[in-house]
Amino acid sequence: MDESEEYPKDYRDSGRVTSIPSSSSSTTSVHVTALDGLVNVNSLFTIAVFVGLSLTTPGQQSLENRACDAGIDVAKKLLVFEVVSFSFFLFSSLVAQGLKLAINLLNSKDVDEAFRAHINLKVLRFGMMGSAVGSVMGCVFLMLSMVNVIEIRLGMLSCGSKSTVHAVATLLVLVSSALVVYISTAIYAFLH
């Protein structure tokens, strides 16, 4: 298929297809793709929440000695962190789905401009930022709940078990590093 047949003239720039229109009040499929990715990642994290809940049972013994077993307070914190994490992921996904719905409904009104929808750019930017903040907060609480899962399975951090300390340290370093990259990228995209 010839490029001129596939895309309207507005989207061709010196032989190259451009996916971002020049108008500041329009949006493209790039935003929908980004929102799709956010919803998909939130879905994976939500699965992790339920896996974390299913792996812990009250009175479960750790793999360390009995003195290092987690108490009922750790199990309660785990449940609270899992529910809060799930709530943030659900918030983030619903905001992203709402933005996608608005973009797709606005696109369906004008079939001649299949690659752009006229949407308030401030609403879109703040909605995407709100969704990103929800994902970040969900990750923080998921990380805290995973620390509780590690304590229930491997023993309390206060016991100084090498396996517990290594598992928690690895979790904190990797997840915190990833969150710093994600937050930096989101802020950069929001400001530019």
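The values are calculated or read from the model by the stated rules, or taken from the named source; none is laboratory data. The shown structure was predicted, so the numbers you read here are calculated from the model rather than taken from an experiment. Positions of Cβ are generated from backbone atoms using ideal geometry, with glycine treated the same way; all protein chains shown enter the neighbour counts. Ligands, DNA and RNA are stripped out before the accessible areas are found, and what is left, the full protein with its side chains, is counted by its heavy atoms. Shrake-Rupley method; radii C 1.70, N 1.55, O 1.52, S 1.80 Å.
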Check your understanding: Round to a whole number: what % of the accessible area of the range 71-191 belongs to carbon and sulfur, probe 1.4 Å?
Key -> 75
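Suppose every K and R has +1 on its Cβ and every D and E has -1 on its Cβ; what is the size of the dipole of the range 71-191 about the Cα centre, in Debye to the nearest 20? Kindly include the intermediate steps, with their values, before the conclusion.
Details: 9 positive and 6 negative charges, 26 e Å.
In debye, rounded to 20, the range 71-191 gives about 120.
Would you mind getting the accessible area per residue of the range 71-191, heavy atoms of the protein chains only, 1.4 Å probe, in Å²?
Details: 6660 Å² over 121 residues.
For the range 71-191, the solvent-accessible area averages 55 Å² per residue.
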Check your understanding: Which value, in Å³ per residue, describes the convex hull spanned by the Cα atoms of the range 71-191?
Key -> 111
